Each structure stands twice: as C-alpha cells, then as structure tokens.
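Here's the structure we're looking at; comments come further down.
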Amino acid sequence: MKDATQSPAPAPPLAMLAELTHRCPLACPYCSNPVELTGKQAEMGTAEWARIFAEAAALGVLQLHLSGGEPASRPDLVQIVQAAREAGLYTNLITSGIGLNARRLDELDAAGLDHIQLSLQGTGADIADRIGGYSGGFARKMQVAAQIARIGFPLTINAVMHRHNLDDLPATLALAAELGARRIEVACVQFQGWALRNRAALQPTRAQVDQAKQVVAEARRTYAGRLAIDFVPPDYFADFPKACMNGWGSTGLNIAPDGKVLPCHAAEIIPGLSFQNARETPLATIWNGPAFAAFRGSDWLPEPCQSCERREIDFGGCRCQAMALTGDARATDPVCRRSPHRAEVDRLIAGETGAPTPDFIYRRLDAGAR
Ligand code: SF4
Ligand code: FES
C-alpha cells in the first residue's frame, strides 16, 4: 500500500454516497450492504450529517446520493435533504419507496430534492415481494411511483437483475417506461455484502446473460428518446473487470450510518486498512488519508496490470472482488482474462449455475448489527 505522504494532493471527489441508515423494511438477498449492519443506536444525527454535507461541498463534492438501507426509514429525511440543498449539493434519493407517501414526497419536493432512484425487485407482486422479502411491497411501490410522477421528480428505475428476474428484462423495461422513468439502470448483481453470501442463489446462467445483452441492444432502439438504458453486465461473465468506483479514491466516497468513511461500500472486508470517521476527522483529511491512498491511481498495481494497456482504464478492477475471490486485495481482479485466477472464476460459475438453486439468505439487521 502506498504511503499517503509521498503523493501529491489528489483531485477532489465529485460524488458522495451517504448511507443514512442500515434499517430497511425490505430484506433483499442481493443487498450490497455489509453483512455486519450498523444498528439504529449508532446512526449519526441530522446535525452531524448537515455538517458533513457542508464539508463535502467545500471539498468539491457536487452530487449527493442519499441511500441506506432505506433512507425513508429516517424520520428526519426531509431535514437531511434540506441541509444538503443548503450546502449546495445536487440530491438524489435512492429508495425502495417503502416509507414514502404523497405528503412526504411533497415535503421532499419543497425541501429541494432533485432526483429519485426507485428500486424494482420484479415486475409483479409475486416475484418482487418474494425477492424483497416483504409482502405488499410491490403494490406500495407502485403507489409511490404514481406520486413521484404526479410531482414530476426526474425518475431513474434501478433494477438489480439476477437468475430469478433476468428473463423478465423486457417486462422490466416496459414497466420503467410506463412509470415515466427517464432512465433505467439494469444492474446485474455485483457480489458484495449480502449478495456475496447469496451468490449461488443469484448467479445468472450464461444463456440468460447472452439473452439480456440482446434484449438491451434491441430495447435501446425501441425506447430511443424516451428511456435511457444503462446496462451493468455481470462481472463474472466479462473478459475484463470494471473500473470499480472509477478507480479507488478517484471520484467518490461512501459514508456509513455511523460516520465511517469508506472508499467503496465493501472496503471493510479488506484487512490492514483502517477507516477514519467523519464525526471526528474533517472529510478533507480523510480524503487525503491512508485508506484512500492505499489503491489510488495505478503505481501500486501488480503484474500483469502494471504492463497492461488497460491499466488506466480499469485500474486492475475491483479490490473487494480480488479480496473476496483470491484472499488478496492487491491481486489483479480475477475476472480479468489475464489474471492467473480466471480459471477459478469460470469453475465457480459452472459449479453455481449447474447446481440446484439454494434458498435465499435474506438481509437482516439483527443478523449481526454493530
Ligand atoms: Fe485490467 Fe489488470 Fe486485466 Fe489489464 S491485466 S485488463 S489492467 S485487470
Ligand atoms: Fe470495493 Fe470494488 S467494491 S473496490
């Protein structure tokens, strides 16, 4: 890992993800939150968040993503949005919709909320409520979507896709258009946190992945000018890894509910890193500190990345994926065809998609709350 004192000051972050709470009425097995969730008693209060938003804006952050857990589980969500707007941040609410209603959405609108990203677990109550582990959730989400359309919030649908719903991709796109979304993020599940624990149950088949690529290509023509379609293909089926977080410590930071500042949502699985807390340390100090410097840029990269022409494109891939699959956060992301571990990823996919699908392990706060 690099010594932070040797590097010139990094460019400021552009985006900040604020995990306001890990509480959530849903229990999605694909959740990327850490398996060890943070309990309500450890959450920061409104004034602490407001101070951090001001620090973030002073540091250069432009966009704030209010996330969780379910951010609407915070009774002070409207005040939090107000504070973010007063700090001059663009605010995006990432929500399942559960906990919102017409009155609360009107208040969020008055507070200056700029954008909503609504998750979709499935296109009907049967599948959506089974995946979300919450009976009646789909019906309530549809009511919330109607209120979002009434107010006119710019809306993105966030559909996490996996073995259980990839075949419904055409219906998912149609529903997003019907709900008035301007954009849909078709995000094949990334195996971090609870999703990693549920990997065998969620792993799509190669046939599903190939079909999904065709559906997306066709839908981009069908919905051109109406619905923008972002497609995040499943990592394990790719030849090269993604540039996770656009490169570690390059453009974004995540704040956990208790104020811990992370270079990405899964960074706590990496041993040897210690994370500073925005309750005690200014954000600018943390951004320039050792956890963010650890894998910043490309100087630290091992071979084969160091002599690879893609090293400034993907920065060797995802550190947490390297950690989860090889036990070494400094390794080349094993998804890469040039990684010595790629054959193990292929064996893993074959094993998981060839075996009977195990039951979900639903996300639960009481499974190991801090
Ligand atoms: Fe990316 Fe490293 Fe693979 Fe090159 S060898 S494509 S830099 S992960
Ligand atoms: Fe941590 Fe990719 S999720 S670097």
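Rounded to whole numbers, the Karplus 3J(HN,Hα) couplings from phi for region 295-310 are 10, 6, x, 10, 4, 7, 4, x, 6, x, 5, 4, 9, 9, 6, 9 Hz, using 6.51 cos²θ - 1.76 cosθ + 1.60 with θ = phi - 60°, and x at Gly and Pro. Straight Cα distances below 20 angstrom link K40 to the aspartates and glutamates E19, E48, E70, D76, D258, E268, E280, D366, with same-chain residues fewer than 8 positions distant left out.
Cβ-Cβ distance of T205 and A146, R₀ of 51 Å, FRET efficiency by 1/(1 + (r/R0)^6): the value works out to about 0.90.
Rounded to the nearest 500, the 222 nm mean residue ellipticity of the chain from helices alone is -9500 deg cm²/dmol, with -39,500 (n - 2.57) taken per DSSP H run of at least 4 residues. Converting phi to 3J(HN,Hα) with the Karplus coefficients 6.51, -1.76 and 1.60 and the offset θ = phi - 60°, region 81-88 yields 4, 4, 5, 5, 5, 4, 6, x Hz in sequence order, with x at every glycine or proline. Quick note on region 221-370: its Rg to Rh ratio, both from C-alpha atoms and Rh being the Kirkwood radius, is 1.02.
So between K40 and D109, what do we pick up on full extension, going 0.36 nm a residue minus the alpha carbon distance?
22.2 nm
Among the GluC sites (Glu not before Pro) within region 282-370, those in coil by DSSP and having at most 16 neighbouring Cβ atoms inside 10 Å are E309. The mean of 1/r over all distinct Cα pairs in region 277-316, once inverted, gives the Kirkwood hydrodynamic radius of 11.6 Å.
Dimensions of the chain from C-alpha coordinates, computed as largest minus smallest value along each principal axis and given longest first, are 54, 49, 43 Å. Label region 299-370 by shape, choosing from rounded, prolate and oblate, from the square roots a ≥ b ≥ c of the eigenvalues of the Cα gyration tensor; if a/c is under 1.5 it is rounded, and otherwise prolate applies when a/b is larger than b/c, oblate when it is not. Cα axes put region 299-370 in the oblate bin. Taking the Cα atoms of region 252-318, the ratio Rg/Rh between the radius of gyration and the Kirkwood radius comes to 1.03. Of the chymotrypsin sites (Phe, Trp or Tyr not before Pro) found in region 257-360, not one falls in a DSSP loop while having at most 12 other beta-carbon atoms within 10 Å.
For region 63-115, the calculated P(r) over all alpha carbon pairs, in 10 Å bins from 0 to the bin holding the longest distance, is 28, 62, 9 percent. Between R183 and S307, the FRET efficiency estimated from the beta carbon spacing at R0 = 41 angstrom works out to 0.60.
Give me the tail of P(r) for region 190-298 as a percent: Cα-Cα pairs with distance above 23 Å.
47 percent
The relative contact order of the chain, computed from alpha carbon pairs under 8 Å that lie at least 6 residues apart in sequence, is 22 percent.
Remark: relative contact order (region 27-140) = 25 percent; criterion is Cα-Cα distance under 8 angstrom and separation of 6 or more residues. Please find the FRET efficiency linking D328 to A139, where r is the Cβ-Cβ separation and R0 is fixed at 51 Å, and quote it to the nearest 0.05. FRET efficiency, D328 to A139: 0.65. A DSSP coil position with no more than 16 other Cβ atoms inside 10 Å describes the following chymotrypsin sites (Phe, Trp or Tyr not before Pro) in region 159-245: Y223.
Rule-based calculations on the coordinates, nothing more; no lab input. Every value quoted in this text rests on a predicted model; they were computed, and no experiment measured them. Quick reminder, even Gly has a Cβ in these numbers, built from the backbone with ideal geometry, and neighbours come from all protein chains shown.
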